[in-house]
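**Student:** Pasting a structure below so you can have a look.
The values are calculated or read from the model by the stated rules, or taken from the named source; none is laboratory data. The structure displayed is predicted, hence computed values, not measured ones. FYI the Cβ positions are ideal-geometry reconstructions off the backbone, even for glycines, and counts take in every protein chain you see. Surface accessibility is based on the protein's heavy atoms, side chains included, excluding ligands, DNA and RNA. Shrake-Rupley method; radii C 1.70, N 1.55, O 1.52, S 1.80 Å.
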Amino acid sequence: MARKRVKLAWIMNDSTRRTTLKKRKKSLMKKVREISILCGVQACAVVYSPHDSQPEVWPTPPDVAKRILKRFKSKPEFEQTRKMMNQETFLRERVAKMTVQLHRLARDNREAEIRALVLEGLAGRGFEGVGLEDATSVMWLIESKLKEIEKKIEEERKKLAEEERKKVAEQENWVMEMMSPPGPENGHSVLYVEPNSPWHLPFL
């Protein structure tokens, strides 16, 4: 059974929030340890909690994590912040993705509505009560579909022309092979007789 997707929102209940922090923090430390061992990379994690006086650090002893952080701090600021993400950046990206998805759904719904109008028109329904916006959308949909059909026809025409060109070329090659004089290069054998041989007769 698939796990239920967790809603990314502030947990209001204090007890539930504490329990979630404890579980997620343990899972985070485990993941950092696994990626460090499996991939052979230097990694560390430092988690500050409002319920603990000291942060939880991996790896232990903390001196190892300090060396990794020192190496990170020695890099230029651009490299440090290139892939860094805070809560504001995360929310902005989420909003941007949701906005794009919303626009895509609105466009798909609109196309479905116009497609239904076209099908009703083909079934005999009149367009007397259709508004200007819907009528314009119907015309746009019909024109776009006609362009798609014309494009498909042109592609098939080019495909047939290419096949015909190849067929004509093969026929021409076959005729040229049939008309070429016999010789070893054409797959025919040649009889060679010495001039002073008794078999060197005119009719041969």
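**Student:** Filter region 79-93 for residues that are in a helix (DSSP H, G or I) and open to solvent by 100 Å² or more (accessible area, probe 1.4 Å); which is modelled with the lowest pLDDT?
**Tutor:** Here is the first cut: in region 79-93, the residues in a helix (DSSP H, G or I) are 79-81, 87-93.
After this cut, where a residue has to be open to solvent by 100 Å² or more (accessible area, probe 1.4 Å) as well, the list is 87-88, 92.
Numbers: GLN87: 76, GLU88: 81, ARG92: 87.
Within region 79-93, the match that is modelled with the lowest pLDDT is GLN87.
**Student:** Looking at the structure I just gave you, is VAL46 within 30 Å of VAL138 (Cα to Cα), within 36 Å of the chain's Cα centre (by Cα) and of a type in the set (Val, Ile, Thr)?
**Tutor:** No: the conditions fail for VAL46.
So that you can scan it fast, the table gives a plain yes or no per residue for (1) of a type in the set (Asp, Glu); (2) open to solvent by 70 Å² or more (accessible area, probe 1.4 Å):
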| residue | (1), (2) |
| --- | --- |
| ILE11 | no, no |
| LEU21 | no, no |
| ARG33 | no, yes |
| GLY40 | no, no |
| SER74 | no, yes |
| GLU77 | yes, yes |
| VAL100 | no, yes |
| ALA116 | no, no |
| ALA123 | no, yes |
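**Student:** Is there a residue in region 42-49 that is within 27 Å of THR20 (Cα to Cα), in contact with a Lys or Arg (Cβ under 6 Å, 6 or more places away or on another chain) and of a type outside the set (Phe, Trp, Tyr)?
**Tutor:** Within region 42-49 (the criterion being within 27 Å of THR20 (Cα to Cα), in contact with a Lys or Arg (Cβ under 6 Å, 6 or more places away or on another chain) and of a type outside the set (Phe, Trp, Tyr)), the answer is yes, since at least one residue qualifies.
**Student:** Tell me, please, whether a residue that is open to solvent by 80 Å² or more (accessible area, probe 1.4 Å) and either at pLDDT below 75 or over 30 Å from the mean Cα position of the chain (by Cα) (or both) can be found in region 138-152. Let's see the steps before the verdict.
**Tutor:** We begin by selecting, within region 138-152, every residue open to solvent by 80 Å² or more (accessible area, probe 1.4 Å); these are 139-140, 143, 145-152.
Then drop every residue that is not either at pLDDT below 75 or over 30 Å from the mean Cα position of the chain (by Cα) (or both), which leaves 139.
Checked against the condition, which is being open to solvent by 80 Å² or more (accessible area, probe 1.4 Å) and either at pLDDT below 75 or over 30 Å from the mean Cα position of the chain (by Cα) (or both), region 138-152 yields at least one hit.
**Student:** Could you pull out the residue among VAL130, VAL64, VAL100, VAL118 that is farther than 30 Å from ARG18 by Cα, more than 29 Å from the chain's Cα centre (by Cα), aliphatic (A, V, I, L, M) and assigned to a helix (DSSP H, G or I)? If you could, list the steps in order and put the result at the bottom.
**Tutor:** Details: VAL130 fails: assigned to a helix (DSSP H, G or I); VAL64 fails: farther than 30 Å from ARG18 by Cα; VAL100 fails: more than 29 Å from the chain's Cα centre (by Cα).
Matching residue, one of VAL130, VAL64, VAL100, VAL118: VAL118.
**Student:** Any residue in region 132-151 that's farther than 12 Å from LEU117 by Cα: show its pairings with residues that are open to solvent by less than 90 Å² (accessible area, probe 1.4 Å) at Cβ separation under 9 Å, as long as the two are six or more apart or on different chains.
**Tutor:** TRP140/ILE114; LYS145/VAL118
**Student:** Return a yes/no flag: does region 164-173 have any residue that is polar (S, T, N, Q), under 33 Å from the mean Cα position of the chain (by Cα) and open to solvent by less than 100 Å² (accessible area, probe 1.4 Å). So that I can check it myself, show each step before the final result.
**Tutor:** To start, the set of residues in region 164-173 that are polar (S, T, N, Q) comprises 171, 173.
Subset that is under 33 Å from the mean Cα position of the chain (by Cα): none.
The answer is no; no qualifying residue exists.
**Student:** Enumerate the pairs (first residue in region 43-59 and closer than 18 Å to LYS73 by Cβ and open to solvent by 60 Å² or more (accessible area, probe 1.4 Å); second residue anywhere and β-branched (Val, Ile, Thr) and outside any loop (DSSP other than H, G, I, E, B)) with beta-carbon separation below 8 Å, excluding pairs fewer than 6 apart on the same chain, so at least 6 apart or on different chains.
**Tutor:** From region 43-59, the pairs are VAL46/VAL57.
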